[in-house]
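Enquirer: Provided herewith is a single structure, encoded as structure tokens, for subsequent inquiry.
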Amino acid sequence: MTRIKYLGAAIATLALAVGIPAVTAAPAMAANQKCMDFSTPTVGGKTASVNVCWNWVSNGQGAYDGRVWGKFYDPYTNNGKIYLQARVEPDRWVSFVSAGTETANGKSFNKPYTNIKSLAFKACLTGHGCR
């Protein structure tokens, strides 16, 4: 076994000597971070979406603090304004962030949150509900 250990070290030394770069994996997403796409209800055969990322850290009081960021993808002019709802308690949904305009293709948002015990999202359109 000792011989294999030294052989591996010799190969690594040789690789560096001839200029073979070390290969490292791309950084993984943080363990306390997630990204997802949420689609709105389909209106007239068209569906808009919201790309949402969020992170969280325990605040030491049985809840979490963090940040939510992403982009709205709604190029349509006849389906209502797109917004993101967040579940902030097991049985309570609130409007979290809105694009504010009829078309919002690529409009970004970035918003903090604090003291949330249960966080989930859904994409909505005014006049057409959520999905």
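Enquirer: I need a count of the residues in region 72-92 that are surrounded by 17 or more Cβ atoms within 10 Å (Cβ to Cβ) and within 20 Å of N105 (Cα to Cα).
Expert: 11
Enquirer: Shifting gears a bit: Please go through region 93-111 and give me each residue that is within 20 Å of V57 (Cβ to Cβ) and open to solvent by 40 Å² or more (accessible area, probe 1.4 Å), ordered by number.
Expert: Listed by number, the residues that qualify are N110, K111.
Enquirer: Please verify whether S118 is modelled with pLDDT of 95 or more, touching a strand residue (DSSP E or B) at 6+ places or on another chain (Cβ under 7 Å) and not aromatic (F, W, Y), treating the condition exactly as stated.
Expert: No: the conditions fail for S118.
Enquirer: Among the candidates T126, T114, single out the residue that is under 20 Å from T42 (Cβ atoms) and open to solvent by 40 Å² or more (accessible area, probe 1.4 Å).
Expert: T126
Enquirer: Separate question: Among the residues of region 75-103, write down those that are within 16 Å of M36 (Cα to Cα) and modelled with pLDDT under 95.
Expert: Of everything in region 75-103, nothing turns out to be within 16 Å of M36 (Cα to Cα) and modelled with pLDDT under 95.
Enquirer: Taking G62, is it small (G, A, S), modelled with pLDDT of 95 or more and either open to solvent by less than 30 Å² (accessible area, probe 1.4 Å) or out of contact with any His (no Cβ under 9 Å at 6 or more places or on another chain) (or both)?
Expert: Judged against the criteria, G62 is not a match.
The values are calculated or read from the model by the stated rules, or taken from the named source; none is laboratory data. These figures come from a predicted structure and were not determined experimentally. Methodologically, a virtual Cβ is constructed for each residue, glycine included, from the backbone with ideal geometry; neighbour enumeration extends over all protein chains shown. When the accessible area is computed, the model is the full protein with side chains, heavy atoms only, and any ligands, DNA or RNA have been set aside. Shrake-Rupley method; radii C 1.70, N 1.55, O 1.52, S 1.80 Å.
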